[in-house]
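Please treat every number below as a calculation from the coordinates, not as lab data. Here the structure is a predicted model, which is why all the values come from computation and not from measurement. Virtual Cβ from ideal backbone geometry, glycine too; neighbours counted across all protein chains shown.
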Amino acid sequence: MKAKYVNPFTDFGFKKIFAEEASKPLLIDFLNALLIQESKIESISFKSTEQLGSTMADRRAVYDIYCENEVGEKFIVELQKVKQNYFKDRTIYYSTFPIVEQAEKGEWNYKLSAVYCIGILDFTFDTSDEESKDEVVHTIKLKNQHGKVFYDKLTYIYLEMPNFLKTEEALSSRLDQWLYFIKHLEDFQIIPSIFNDTLFTQAFETAELAKFSEAQRHGYETSLKVFRDNFNALEYTKEEAKREGIEEGREEGREEGRIEGEEKGIIKGRIEGKVEAMEEGRIKFLKDKLIIAQKLKSAGMSIKEIIDITGLTEQELNKAQL
């Protein structure tokens, strides 16, 4: 059945729902549902999603959403579709820009406004922590050795969407509604009865593909292709690692015993096969993205728009001479 609503796990879909001026009430409601123990947000203003370093040689950061509320608190909201090496490090690095930008010229007492970094993850963390491995919401603050909050103005919140398994009947909070909306939006053909208020009516109208202009539909289809390529590359990596692991296990099993050999082969294959398969998938994926980027450039899109849609970096575009 053809989708009626946008996929919110695409860059285009996520920003369409939460990052447009008309979508501010949706973003405010989502943030208030997530930060229920904090002060209620009354209004927000969007800030530049591209943060430059202090010098031309410094690295920059590009956010999905960066905004500020009426009392100066900063909010970074990121949709993360694929696992990355050092993902947590990247989040910490991103949080430094809203902190550094608060420095005032001349005399300054170092008073800072709060910074919130929110990651909506389409994957789960690799963790050995049995207590929290199935949780959806992870809230992290700076704490001392006794587990007490040492500094309450820097908060990291990660939402592991694969762990959200509630049915419509089990939804019990506003945050539950938002998580259910984000996870299942693309599958809806009619609006579930749980979303019977004005705000969610706006959310569904914003996400309805039939209301998109031709340019918006083209941008969404391009973003959807990138999302599907990401998914396929990940599935390819998993299958290759599994297949090569089994094959190597069979070879070693002829010498050391079938059971022991398959176990060793699977482990070895997961390590070596995964690395090789990931590299092949990454190269193919990058080439496909560059082809899309070339088409977008020919269509008159700016470099920033191309980066937002494809997820490519400016360095990759420069190397490809776009």
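Residue by residue, segment 295-301 carries 3J(HN,Hα) couplings of 5, 5, 5, 5, 7, x, 6 Hz when phi is fed to the Karplus relation 6.51 cos²θ - 1.76 cosθ + 1.60 (θ = phi - 60°); x denotes Gly or Pro. Computed from backbone phi with θ = phi - 60° and the Karplus coefficients 6.51, -1.76 and 1.60, the 3J(HN,Hα) list for segment 176-185 is 4, 4, 5, 5, 5, 4, 5, 6, 10, 3 Hz; x is used for glycine and proline. Were the residues from LYS166 through SER298 laid out at 0.36 nm apart, the gain over their Cα-Cα distance would be 43.1 nm. Once the chain from LYS133 to LYS24 is taken as fully extended at 0.36 nm per residue, the excess over their C-alpha distance is 36.0 nm. Summing Cβ point charges (Lys, Arg +1; Asp, Glu -1) relative to the Cα centre of segment 11-211 gives a dipole of roughly 580 debye. Summing +1 for each Lys or Arg and -1 for each Asp or Glu among the other residues whose beta-carbon sits under 10 angstrom from that of TYR156 gives +2. Cβ crowding within 10 Å, taken as a proxy for footprinting-reagent exposure, orders LEU290, LEU199, LEU34 from fewest neighbours to most as LEU199, LEU290, LEU34. Could you pull out the pairs from LYS40/LYS211; LYS40/LYS225; LYS15/LYS141; LYS2/LYS133; LYS88/LYS153 whose alpha carbons sit more than 29 Å apart here? Distance filter (> 29 Å) returns LYS40/LYS211; LYS40/LYS225; LYS2/LYS133. Ranked for footprinting exposure by Cβ neighbours inside 10 Å, fewest first, VAL100, VAL137 give VAL100, VAL137. Residues whose amide H falls under 5 Å from that of LEU154, counting only those 5 or more places apart or on a different chain, are VAL115, LEU142, with hydrogens built in the peptide plane. Extension gain for the segment ILE99 to ASP288, taken as residue separation times 0.36 nm less the Cα-Cα distance, is 64.4 nm to one decimal. Between GLN315 and GLU42, the simple spin-label model (points 7 angstrom out along Cα→Cβ) gives 4.4 nm. Phi-derived couplings, Karplus 6.51 cos²θ - 1.76 cosθ + 1.60 at θ = phi - 60°, listed residue by residue for segment 202-213: 4, 4, 5, 5, 5, 8, 6, 5, 5, 8, 6, 6 Hz, with x used for Gly and Pro.
If you average the sequence gap of Cα pairs under 8 Å that are 6 or more apart and divide by the length of segment 1-112, what percent do you get for the contact order? Working shown, then result.
Working: 96 pairs, mean separation 18.4, N = 112.
Taking the mean separation of contacting Cα pairs over the length of segment 1-112, I get 16 percent.
Between LYS143 and ASN109, the modelled label-to-label distance comes to 3.0 nm, taking each label 7 Å out from Cα in the direction of the beta carbon.
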